Amino acid sequence: QVQLVESGGGLVQAGGSLRLSCAASGRTYAMGWFRQAPGKEREFVAAISWSGSNTDYADSVKGRFTISRDNAKNTVYLQMNSLKAEDTAHYYCAARIVNYYSDTKEDYDFWGQGTQVTVSA
């Protein structure tokens, strides 16, 4: 069983930056970030392979968000720049037990409780 704990969320003005962290309790392979706004489906944000050499992003965040990982610390990060009001959501970290990252939430095996990001216009 893998436990994931997210941190780094908060309130920020539009145009600002935040860095989310996701600490894993056990060995993980591919990792992803998803988000869910009130009344909406949980949507893909970014994913990364175990080595960190392969990444994928939703079109809505390309060029603004960067996913990275430090396997020595069992931690995945999401650097979010140029934040917009529409980025406001609860952000979730997810892990797979295989090294194929995916943009489909059903493919992920473990989930954290999430951290809230609120961007004021």
Expected output for the range 96-121 (first residue within 19 Å of Q79 (Cβ to Cβ), partner among the acidic types (D, E) and crowded, with 18+ Cβ neighbours inside 10 Å, Cβ below 7 Å, 6+ apart or cross-chain) is G112/E6; G114/E6; T115/E6; V117/D87; V119/D87
Per the filter on the range 53-74, residues over 24 Å from S25 (Cα atoms) and open to solvent by less than 70 Å² (accessible area, probe 1.4 Å) are Y57, A58, S60, V61, R64, F65
Candidate set from the range 89-115 (those that are among the hydrophobic types (A, V, I, L, M, F, W, C) and not in a strand (DSSP E or B)); member that is most open to solvent (accessible area, probe 1.4 Å) = I97
Does A89 satisfy the condition of being under 12 Å from the mean Cα position of the chain (by Cα), without any contact (Cβ under 8 Å) to a residue 60 or more places away in the chain and under 25 Å from Q1 (Cα atoms)?
-> no
Would you mind stating whether S60 is more than 20 Å from Q1 (Cβ to Cβ), assigned to a strand (DSSP E or B) and polar (S, T, N, Q)?
-> no
Those residues that are open to solvent by 60 Å² or more (accessible area, probe 1.4 Å) and hydroxyl-bearing (S, T, Y), I need them from the range 21-46; list them, please.
-> S25, Y29
Is there a residue being touching a helix residue (DSSP H, G or I) at 6+ places or on another chain (Cβ under 7 Å) and closer than 24 Å to Q1 by Cα anywhere in the range 13-33?
-> no
Keeping to the range 71-81, report how many residues are in contact with a Phe, Trp or Tyr (Cβ under 9 Å, 6 or more places away or on another chain) and at pLDDT 95 or above.
-> 5
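The values are calculated or read from the model by the stated rules, or taken from the named source; none is laboratory data. Note that this is a predicted model, so its numbers are computed, not measured. With ideal geometry, Cβ positions are generated from the backbone for all residues, glycine too; neighbour counts draw on all protein chains shown. Just the protein is used for accessible areas: all its heavy atoms, side chains included, with ligands, DNA and RNA removed. Shrake-Rupley method; radii C 1.70, N 1.55, O 1.52, S 1.80 Å.
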